[in-house]
Amino acid sequence: MLRDLHISGLGVIEDLDLELHPGLNVLSGETGAGKTLVTVGLALALGRRAAATLVRAGASAARVQARFDAPERAAVEGWSEDGELVLARSVAADGRSTARIGGQLAPVSALVAVAEDLVEFHGQHEGIRLLSTAAQTAFLDRFAGVEHAGAVAALAEEHGRLRAARAALATLQERERDREREVDLLTHQVREIETAAPRPDESVELELEASRLAHAERLREHAAGAEQWLSKDGSAADALLAAAADLRSASGLDPAADGIAERAGALAAEAVELAREVRAYRERLELDPARLDEVRERIGALRSLRRKYGEDEREVLGFLEDARRRLAELEGSDAERVRLQADVERLGERVALLATAVSDGRAAAAPKLARALQAELRELGMEGATVEVGLAANAEVTTSGAEHVELGFAGGPGQPSLRFARIASGGELSRTMLACRSVLVDLDAVPTLVFDEVDAGIGGQAGVAVGRRLAAIARSRQVLVVTHLPQIASFADRHVRVEKRGGRASARVLDDAGRVAELTRMLSGMPGSEAASTHAEELLEQASRAKSRA
């Protein structure tokens, strides 16, 4: 809801503060006093187009600030503070414009985005939701009732699932060639590694074996030499055995020699054992060129695998496991494609059934809505005006159905029916929007509605009917109305008189006596007229009774 509005330097408004309340807020005053400039200022704060011509002569800039109860989206986006949202706009004399939200500099487009949740203007084409076919379709769907709205919601949900299934299937089909290429590559890689069947650390083992086979002859020569030194007469083993015997003899005479004798005996036994192992090592060494070629070939095969798939055999085997897993995933995509195709067919049938049900509901509700709107227009002083609720087929079934709604308006007999967006008269458009709001007050959740020109070309009972409907809407919304009609002003919950003195506009909230005086002026143009004053009091009393009965 709009709480406060401050305007300075805008046309005849030098400096103006206006506090708005819930319910029906009425702005009245003499022609040229600046009433419409109040709504122009509000529109600027909401991001509407600005022009340097709006700036008051002698002022450096036109400035507007509007304070609102913060909508949920503003809180989520971090624009609000303490549950309030402040929008500000400045238009310099050279036409440059700046915008702020919550004291933070922001692009004008951000004002426009936030405004969608705050205010809707009626009386000019810009910003009126019901001018779009989507909003008109939603309007008819709400009018058609809860059961129909359920079918519309179910259609939107199922159509969303159908779109998702189609997109997934299309993606799968687009990737079919890539998938086949990847399957071929992975199959070759898996087969290559499986055929080679590498073992962890096999290359290290083979490199050692290859080195041993390549140097087998020299190794045998060295082993034979070592064996000779350890086994021939007078060898180190013989010397150690003799030394051990002498030391054992010495230990019989001197126990202190026991330890040395034991060490000598152990060394002699180790020398004998070493000689046996050297002989066994020499005997294992064979000259085997065929085995050397086989090992070298295996090393080459493993080296080729490592170049392609990893630094060592362990990484190559890890690549093999990943390739097997990916191959299983790709081979399973055939089943996924079959499943998606079945989903698309099933959801397509479901969407077609729901779309038919929605179309039937709209076809049944459309003439009823047209009659209801025409009845409202007659009550609002637009006798002879007609409304058509047309259903135009979509090229294909969409989230909202097989057709969309196009509301048409004809101002009188013989006049062509025009789409709402082409209604030229601001007054006709404003009252048509009021009729729509009256037929379906919960059209959307916008908290503040602004009506300008709603009283153009009407008076008397039609004015009373307009006032009564504005008051009815104001029970659940904040409504701001600029009017010249006392019949409308009499329904105000808060009546503000805008007046101009010395070229400067000011705004004043009227008390009961002030309201009588203002209605008297609006009725007769003569503030002191007793007859007009009596009539004004009657209007206020009638409006009060009408609101209490509602």
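The values are calculated or read from the model by the stated rules, or taken from the named source; none is laboratory data. Remember, predicted model here, so these are calculated numbers, not experimental data. Neighbour counts run over all protein chains shown; Cβ positions are idealised from the backbone, glycine included. All accessible areas refer to the heavy atoms of the entire protein, side chains included, with ligands and DNA or RNA removed. Shrake-Rupley method; radii C 1.70, N 1.55, O 1.52, S 1.80 Å.
A few notes on this one:
- Cα shape, the range 303-449, gyration tensor, a/c 1.5 rule: prolate
- For the range 474-505, trypsin sites (Lys or Arg not before Pro) meeting the loop criterion (DSSP other than H, G, I, E, B) and having at most 15 other Cβ atoms within 10 Å: Arg475.
- Considering only Ala393, Val295, Ala33, and ranking their Cα positions along the charge dipole of the chain that arises from unit charges at the beta-carbon of Lys, Arg, Asp and Glu, the one farthest toward the positive end is Ala33.
- In the range 2-80, GluC sites (Glu not before Pro) in a DSSP loop with at most 15 other beta-carbon atoms within 10 Å: Glu30, Glu77
- Angle between the chain longest axis and helix 35-45 axis [Cα atoms, degrees, rounded to 10]: 0 degrees
- Taking all protein chains together and a 1.4 Å probe, the residues Tyr281, Tyr309 rank Tyr281, Tyr309 from largest to smallest accessible area.
- Listed values (1) 100, 34, 20; (2) 48, 24, 20; (3) 36, 29, 27, entry calculated as semi-axes √(5λ) of the Cα gyration tensor in Å: (1)
- Accessible area in square angstrom per residue, the range 24-85, 1.4 angstrom probe: 46 Å²
- The range 1-147 shape via C-alpha gyration tensor axes, a/c threshold 1.5: prolate
- Summed over the residues of the range 163-218 and divided among them, the accessible surface reaches 68 Å² per residue at a probe radius of 1.4 Å.
- The residue list Met526, Gly460, Ala66 was ranked by how far each Cα lies along the charge dipole of the chain toward its positive end, using unit charges on Cβ atoms, and Met526 comes out on top.
- Crossing angle, helix 530-549 versus the chain [Cα axis fit, 0-90 degrees, rounded to tens]: 40 degrees
- 4 °C / 1.567 mPa s Stokes-Einstein diffusion coefficient of the range 457-550, Kirkwood radius on C-alpha pairs, µm²/s: 95 µm²/s
- Heavy-atom accessible area ranking, 1.4 Å probe, most first, across His404, His159: His404, His159
- Rounded to the nearest 20 debye, the dipole size of the range 419-519 about its Cα centre is 140 debye, using +1 on the Cβ of Lys and Arg and -1 on the Cβ of Asp and Glu.
- Listed values for the range 336-347 are Karplus-derived 3J(HN,Hα) couplings in whole Hz (6.51 cos²θ - 1.76 cosθ + 1.60, θ = phi - 60°), namely 5, 5, 4, 5, 5, 4, 5, 5, 4, 5, 5, 5, and x replaces Gly and Pro.
- Taking the Kirkwood radius as Rh and the Cα radius of gyration as Rg, the range 159-201 has a ratio of Rg/Rh equal to 1.37.
- Expected 222 nm ellipticity per residue - DSSP helices of 4 or more, -39500 (n - 2.57), all of the chain, to 500: -19000 deg cm²/dmol
- Charge dipole of the range 245-381 (Cα centre as origin; +1 on each Lys and Arg Cβ, -1 on each Asp and Glu Cβ, all else neutral): 1100 debye, rounded to the nearest 20.
- Along its first, second and third principal axes, ordered by size, the range 229-387 spans 147, 49, 24 Å in Cα coordinates.
- Lys/Arg +1, Asp/Glu -1 at C-beta; the chain dipole; positive extreme among Ala536, Ala226, Ala264: Ala536
- Taking only protein heavy atoms and a 1.4 Å probe, the accessible area of the chain is 51% carbon and sulfur.
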